[in-house]
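First comes the structure, then the notes that go with it.
Read the figures in this text as sums done on the coordinates, not as results from a lab. The shown structure was predicted, so the numbers you read here are calculated from the model rather than taken from an experiment. Cβ: placed from backbone, ideal geometry, glycine included. Neighbour counts: every protein chain shown.
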Amino acid sequence: MADKKTILIIDDEPDTVTYFSNLLQDEGFETVVAENGDEALKKVAESKPDLITLDITMPETSGVRCYRVLRENDAYKDIPVIMVTGVSEKFQDFISSRKQVPPPDGYLPKPVDEKELIDLVRKLIA
């Protein structure tokens, strides 16, 4: 059996964290959780996740800022990131058009579809 893949779930909503954790663990993944961008950056350094789900609207360090820090760090820039947000498609266009950082590897609108999440995770860390 191959090593379990680790997914870092970054979200300030406990319900979302629980939902994602249970879903991903049921699919055989390890999960690590952070409730804000600052905590997330510490967890990335500690756990070196195989994939990150990142909520955009969070207190303190925003998801966008956290994403930029991840992409600018050579040690983390290759970790696939799925952005999760209740914000509209306009945001997807905005974040995908930034010149400073590449667009996210995946994008899921809230409420997140269970199958869509699992399929995207599997595709990105196959």
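Eigenvalues of the Cα gyration tensor times 5, then square-rooted: what semi-axes does that give for the stretch 6-124, in whole angstrom, largest first?
Values for the stretch 6-124, descending: 19, 17, 14 Å.
Remind me, relative contact order of the stretch 6-124 in percent, using alpha carbon pairs under 8 angstrom and six or more residues apart?
23 percent
Label points 7 Å out from Cα along the Cβ direction at GLU60 and ARG122: separation in nm?
3.5 nm
If the only charges are +1 at each Lys and Arg Cβ and -1 at each Asp and Glu Cβ, what is the size of the charge dipole of the chain around the Cα centre, to the nearest 20 debye?
That gives the chain a dipole magnitude of about 540 debye.
Using 0.36 nm times the number of residues separating GLU46 and LYS110, minus their current alpha carbon distance, what extension gain do you get?
On the way: separation 64, 0.36 × 64 = 23.04 nm, distance 2.79 nm.
The span from GLU46 to LYS110 would gain 20.3 nm if fully extended.
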